[in-house]
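This report refers to the structure that appears directly beneath it.
The values are calculated or read from the model by the stated rules, or taken from the named source; none is laboratory data. Just so it is clear, the model here is predicted, and its values are computed rather than measured. In this analysis, Cβ positions are derived from the backbone assuming ideal geometry, glycine residues included, and neighbour counts consider all displayed protein chains. These accessible areas exclude ligands, DNA and RNA; they are computed on the full protein's heavy atoms, side chains included. Shrake-Rupley method; radii C 1.70, N 1.55, O 1.52, S 1.80 Å.
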Amino acid sequence: MSALMLLPTDWKNWINDNFNKKVPANKIAANLYQQGWVDAAYELMNKHIATLEMPYISTASNQIQLSDKKVSIAFTCYKPFITIINDFLTQEECQAVINDADSKLQTSRVVNPEDGSFIEHTARTSTSTSYQRGQTAIVKKIEARIANLLNWPVEHGEGLQVLRYEDGGEYRPHFDFFDPAKQSSSVVTARGGQRLGTFLMYLSDVEDGGSTRFPNLGFEVHPKIGTALYFANTDLMGDIDPQTLHAGLPVTKGVKYLATKWLRQYPYV
Ligand code: PD2
Ligand code: ZN
């Protein structure tokens, strides 16, 4: 039975009033969620997916038929919105990305909160390389699949980053969003607005370590080749969410390869 249909009549009327006032579905869902109508909130999101102000993966069924592949959902957390997708990339696709990236890897950098510049930092001990959107055939194919899954235009994505963590390599706890209170915020959001979501793709199996941990939520995702992890950096109202604090734990055995795609609010041009 539909959770929306089961809502009391005054709530149904309230939803209709808000749609008539052109309130976006994610904001209507935020209110429903807050009042305890969790199933109704996400049924509304799933029903109005094309009109949401944020990337979003449908949780309406366990499997999602994308234009070139069927994927399945392994895990969903609703607050903050986090999902794990099985078999997002094939082993051959992971290897193709690694083969192209391997010779281009350099010491990773982070955004300097003071001025928005990119600097090397002990908090991020990996090597990495960045691609322009659509730079290679495999990058283009993966970007189209991400856009399809997240219902979010390719143009709103930053270029793909590929990272390699060796023994001891880690990314200490951090946020991916840009904090509006920080001085650099206007600089880093001038192109594309807020980083609304983060899409991580594990390109290798890792013998030990290398999980992506959410310390405020008390769980971690273990790397597995082809698996993808998506998390929203903002809540349904579009406000930055400190619960999204996350870290790439140190690799203790083996090598971890990861591809990262950050999704922006506006076209990233
Ligand atoms: O490598 C990871 O698991 C990881 C963890 C946290 C990557 C990122 N953040 C990132 O690229 O933002
Ligand atoms: Zn991160």
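Within segment 229-254, can you find the residues that are over 25 Å from ALA30 (Cα atoms) and within 12 Å of ligand 1 (Cβ to nearest atom)? Quick ask: steps written out before the conclusion?
Step one: of segment 229-254, the residues over 25 Å from ALA30 (Cα atoms) are 247-254.
ALA247, GLY248, LEU249, PRO250, VAL251, listed by residue number.
Pick out the one residue from VAL162, VAL187 that is assigned to a helix (DSSP H, G or I) and surrounded by 15 or more Cβ atoms within 10 Å (Cβ to Cβ). Walk me through how you get there before you give the answer.
Values: VAL162 fails: assigned to a helix (DSSP H, G or I).
Within the list VAL162, VAL187, the selection yields VAL187.
Against the test of being open to solvent by 20 Å² or more (accessible area, probe 1.4 Å), under 25 Å from THR234 (Cα atoms), of a type in the set (S, T, N, Q) and at pLDDT 95 or above, the options ASN99, ASN151 yield a single qualifying residue, ASN151. Checking each residue in segment 206-234 for being away from ligand 2 (no atom under 15 Å from the Cβ) and in contact with a strand residue (DSSP E or B) (Cβ under 8 Å, 6 or more places away or on another chain) picks out VAL206, GLU207, ASP208, GLY209, PHE219, LYS224, ILE225, GLY226, THR227. Among the residues of segment 1-45, those identified as surrounded by fewer than 16 Cβ atoms within 10 Å (Cβ to Cβ) and closer than 17 Å to THR234 by Cα are LYS27, GLN34.
Checked against the criterion of being under 26 Å from ASP87 (Cβ atoms), touching a His at 6+ places or on another chain (Cβ under 6 Å) and among the polar types (S, T, N, Q), segment 257-268 has no qualifying residue.
Could you please find all residues in segment 72-121 being farther than 30 Å from ASN46 by Cβ and in a helix (DSSP H, G or I)? Quick ask: steps written out before the conclusion?
Going through segment 72-121, the residues farther than 30 Å from ASN46 by Cβ turn out to be 91-92, 95-121.
Scanning segment 72-121 gives GLN91, GLU92, GLN95, ALA96, VAL97, ILE98, ASN99, ASP100, ALA101, ASP102, SER103, LYS104.
I need the full set of residues from segment 110-123 which are within 18 Å of ASP179 (Cα to Cα) and open to solvent by 90 Å² or more (accessible area, probe 1.4 Å), in order please. Hits for segment 110-123 are GLU114, PHE118.
Sort out which residues of segment 144-166 are in contact (Cβ under 8 Å) with a residue 40 or more places away in the chain and in contact with a strand residue (DSSP E or B) (Cβ under 6 Å, 6 or more places away or on another chain), and write them in order of number. If you could, list the steps in order and put the result at the bottom.
Going through segment 144-166, the residues in contact (Cβ under 8 Å) with a residue 40 or more places away in the chain turn out to be 144-146, 148-153, 155-158, 160-166.
Correct list: ILE146, TRP152, HIS156, GLY157, GLU158, LEU160, GLN161, VAL162, LEU163, ARG164, TYR165.
Inspect segment 46-68 for any residue being without any contact (Cβ under 8 Å) to a residue 24 or more places away in the chain, in a helix (DSSP H, G or I) and under 23 Å from MET237 (Cα atoms) and give the result as yes or no. If you could, list the steps in order and put the result at the bottom.
Of all residues in segment 46-68, those without any contact (Cβ under 8 Å) to a residue 24 or more places away in the chain come to 46, 48, 60-63, 65.
From what's left, in a helix (DSSP H, G or I): 46.
Still in the running and under 23 Å from MET237 (Cα atoms): 46.
Scanning segment 46-68 turns up at least one residue that is without any contact (Cβ under 8 Å) to a residue 24 or more places away in the chain, in a helix (DSSP H, G or I) and under 23 Å from MET237 (Cα atoms).
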